[in-house]
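A.B. asks: Pasting a structure here, questions to come.
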Amino acid sequence: MSETVASRREFLKTVGGAGVVSQLVGVGGLMASAPANGAEKLAANGGTPVRTSPLRSRPSGPQFYDDVEKRELLEVLDSRSPFRWSGGKSKVLQFEKAYASHLGVKHALAVTSGTTALYVAMAALGIGPGDEVILPAWTWYADYDAVVLSGALPVFAEIDESFAIDPNDIEARITPRTKAIVPSHLQGGVADLDAILEIAKKHKLRVVEDCAQCAGGRYKSKYVGTIGDIGINSFQLSKTITAGEGGAVTTNDPTLFERALRFHDCGSIHSPYTEELKGGLLAAFAACNFRMNEFTGAVLKGQLQKLETICTRLRTNARKVREAIADLPDIKLRKSADPDGDLGVGVFLVFETRRQRDRYTRAMAAERVPAGAPSGSAVLPADSRIAKKATIHEDWPSFRSPQGKAIRYGRESCPKTIDILGRSAGVIIDPKYSEQDVQDIIRAIRKVYPAVRTA
């Protein structure tokens, strides 16, 4: 997850034809007739825009950088010990302990990225050749890649109008080889964990919470990443808090934690974890090096102190918008398993048709309050390299089994997901939007939605 926000958006646009729902163009025009019932004339039809300059959101974390992160970084520089195990008061260790305490989970392990966190989680669960893992069809590539790199087989389920995995489509995907479900909490929203955990318990499956896009999100008062068997976070630039890159693995299970700890650090464990784990329950095994460095740990230790401030501001701004548009006739907001726990990174509407959605995005752009399709993920089965089952070696175990050979991806495997995303659009929320910015969003939606809904 090393892309900048700008490069990721550009990438998503590039692969749009392969299944990513991108900013849409060219489907029908806006009504050019005069507005009815005294409504304001749309800017797209020659009216006055809501704003004189376009509203722009920025990555949340860097907007809150201050002397806290600076002081933590300078302490690492002054120590001349940027390696986490070189002795002294490790910033990475301090971040791990503070993060675990903040979330209310027994163990947190810092790693280099959200992608490596997913790979570590798969290793912790012992997922490998012959196993199957159920993923939402709409998520980021790292979920799929971590399963494939583990030698297991990804199986996709449809999403629902929460943009998260549809619990009603999971059981049909379960086979005797299924080992885990990955309910990604996407674009600040939370998945329906009660339903997912009930299915997992019934079939004796593990649950891996991908919280990369939902750090600070909560489900029924509990932080996401603490509810399933194991969770992961990302601290890449576009995430709630950031050091540019970074990730974390969270769990309440000491055996899973030790497996994760060993896999991320060449099979070894170090103090204080040696003492906490009483020397370790497991023998060393083949592993990787995904250790976080002290500079990253220093920034994240500082950023963690701002997490609740960022989340509160996002939620407050989003709530103001949702409440102010709730009376619009037949308006349909993105479904939420927990509206209060949702981060509020966007206010998304779901339309009856793609044509209506396209009119809405064009009209909102003309008002200079841009609205776009759900972003930050991709319709993975429709991506060409996934549809082709491309791997680094032709005999990669994921697709050499009878099941791996038989499985078919492609757009035809996830029509519901494509349909929902093609009818959805939202305005991104910024934690530092002014009251005027929020009111502009409300005014634009109230101006545009009734016009495009009836056009």
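The values are calculated or read from the model by the stated rules, or taken from the named source; none is laboratory data. Computed from a predicted model, the values in this text were never measured in an experiment. So basically every Cβ, Gly included, is an ideal-geometry build from the backbone, and we count neighbours across all protein chains shown. The protein model used for the area step is the full one, side chains on, heavy atoms only, and it has no ligands, DNA or RNA in it. Shrake-Rupley method; radii C 1.70, N 1.55, O 1.52, S 1.80 Å.
A.B. asks: Enumerate the residues in the range 178-194 having an amide nitrogen under 18 Å from the point lying 7 Å beyond the Cα of Q63 toward its Cβ.
C.D. replies: 187-189
A.B. asks: Using R₀ = 51 Å, calculate the FRET efficiency as 1/(1 + (r/R₀)^6) where r is the Cβ-Cβ separation of K220 and S384; round to 0.05.
C.D. replies: Details: r = 39 Å, r/R0 = 0.77.
For R0 = 51 Å, the calculated efficiency reads 0.85.
A.B. asks: Kindly work out what percent of the DSSP beta bridges joining two residues of the chain are antiparallel, to the nearest 5. Walk me through the intermediate numbers first.
C.D. replies: Details: 23 of 38 bridges.
In the chain, approximately 60 percent of DSSP beta bridges are antiparallel ones.
A.B. asks: Given only helices, namely DSSP H runs of n ≥ 4 each adding -39500 (n - 2.57), what is the per-residue ellipticity at 222 nm of the chain, to the nearest 500 deg cm²/dmol? It would help to have the intermediate numbers written out before the result.
C.D. replies: Numbers: 15 runs with 162 residues, N = 455.
After summing the helix terms and dividing by residue count, I get -10500 deg cm²/dmol.
A.B. asks: About the Cα centre of the chain, what is the dipole size in debye to 20, counting +1 per Lys and Arg Cβ and -1 per Asp and Glu Cβ, all else neutral?
C.D. replies: On the way: 60 positive and 52 negative charges, 152 e Å.
Around 740 debye, computed over the chain.
A.B. asks: Along the charge dipole of the chain, which of P62, V133, V50 sits closest to the positive end, that is, farthest toward it, with unit charges on the beta carbon of Lys, Arg, Asp and Glu (+1, +1, -1, -1)?
C.D. replies: Final value for the positive-end residue is V50.
A.B. asks: Follow-up question, since we're still on this one. Could you tell me which residue out of V182, M364, I407 lies farthest along the dipole of the chain toward its positive end? Charges go on the beta carbon: Lys and Arg +1, Asp and Glu -1, centred on the Cα centre.
C.D. replies: Working it through, the farthest residue towards the positive pole turns out to be M364.
A.B. asks: Charges on Cβ only, +1 for Lys and Arg, -1 for Asp and Glu, centred on the Cα centroid of the range 339-455; of G376, I420, V347, which one is farthest towards the dipole's positive end?
C.D. replies: I420
A.B. asks: Excluding ligands and nucleic acids, what accessible area in Å² is computed for F348 using a 1.4 Å probe, to the nearest 10?
C.D. replies: Here the accessible area works out near 10 Å².
A.B. asks: For the range 265-406, just run the numbers: alpha carbon Rg, then divide by 2.2 N^0.38 Å, N being how many residues it has. Walk me through the numbers on the way to the answer.
C.D. replies: Numbers: Rg = 23.7 Å, N = 142, 2.2 N^0.38 = 14.5 Å.
Here the Cα radius of gyration is 1.64 times the empirical estimate.
A.B. asks: Right, next: Which of K91/K306; K202/K278; K179/K278; K201/K320; K179/K301; K239/K278 have a Cα-Cα distance over 26 Å? Please list the in-between numbers first.
C.D. replies: Values: K91/K306 17 Å; K202/K278 33 Å; K179/K278 29 Å; K201/K320 38 Å; K179/K301 34 Å; K239/K278 35 Å.
Where the Cα-Cα span goes over 26 Å, the pairs concerned are K202/K278; K179/K278; K201/K320; K179/K301; K239/K278.
A.B. asks: Provide the net charge surrounding L261, with neighbours chosen by a C-beta distance below 15 Å and charges set as Lys +1, Arg +1, Asp -1, Glu -1.
C.D. replies: Working: positive: R84, K97, K106, R259, R262, K278, R291; negative: E96, D253, E258, D265, E275, E276.
Counting the neighbours of L261, the net charge comes to +1.
A.B. asks: Taking the simple approach of a point 7 Å from Cα along Cα-to-Cβ for both T454 and K202, what is their distance in nm?
C.D. replies: 4.5
A.B. asks: For D395 paired with E40, estimate the spin-label separation in nm (one decimal), with each label point 7 Å from Cα along the Cα-to-Cβ line.
C.D. replies: 6.6
A.B. asks: Order 362-368, 83-89 from most to least packed using the mean count of other Cβ atoms within 10 Å. Numbers along the way, then the final one.
C.D. replies: Values: 362-368: 22.3, 83-89: 12.6.
Top of the packing list down: 362-368, 83-89.
A.B. asks: Over the alpha carbons of the chain, what is the largest minus smallest coordinate on each principal axis, giving the biggest first in Å?
C.D. replies: So the extents along the principal axes, rounded to whole Å, are 76, 56, 36.
A.B. asks: Assuming 0.36 nm per residue, please report the length gained on full extension of the stretch R56 to S86 beyond their Cα-Cα distance. Can you show the working numbers first?
C.D. replies: Details: separation 30, 0.36 × 30 = 10.80 nm, distance 4.25 nm.
Gain in length upon complete extension: 6.6 nm.
A.B. asks: Here's a follow-up. Going by average Cβ density within 10 Å per residue, which order do the peptides 55-62, 272-279, 215-222 take, highest to lowest?
C.D. replies: On the way: 55-62: 18.4, 272-279: 12.5, 215-222: 20.0.
Highest to lowest by the protection proxy: 215-222, 55-62, 272-279.
A.B. asks: I need the shape label for the range 109-213. Rule: rounded when a/c is under 1.5, else prolate if a/b > b/c, else oblate, with a, b, c from the alpha carbon gyration tensor. All intermediate terms of the calculation are to be shown ahead of the outcome.
C.D. replies: Working: a/c = 1.61, a/b = 1.09, b/c = 1.47.
Taking the square roots of the gyration eigenvalues as a ≥ b ≥ c, the range 109-213 is oblate.
A.B. asks: State to the nearest 20 debye the size of the charge dipole of the range 353-431 about its Cα centre, where the only charges are +1 on K and R beta carbons and -1 on D and E beta carbons. Show your work: numbers first, answer last.
C.D. replies: Working: 15 positive and 8 negative charges, 64 e Å.
Computed about the Cα centre, the dipole is about 300 debye.
A.B. asks: Further question: If you take the beta carbon distance between R173 and S268 as r and set R0 to 35 Å, what does 1/(1 + (r/R0)^6) give as a FRET efficiency, to the nearest 0.05?
C.D. replies: Working: r = 37 Å, r/R0 = 1.06.
Plugging the Cβ-Cβ distance into 1/(1 + (r/R0)^6) gives 0.40.
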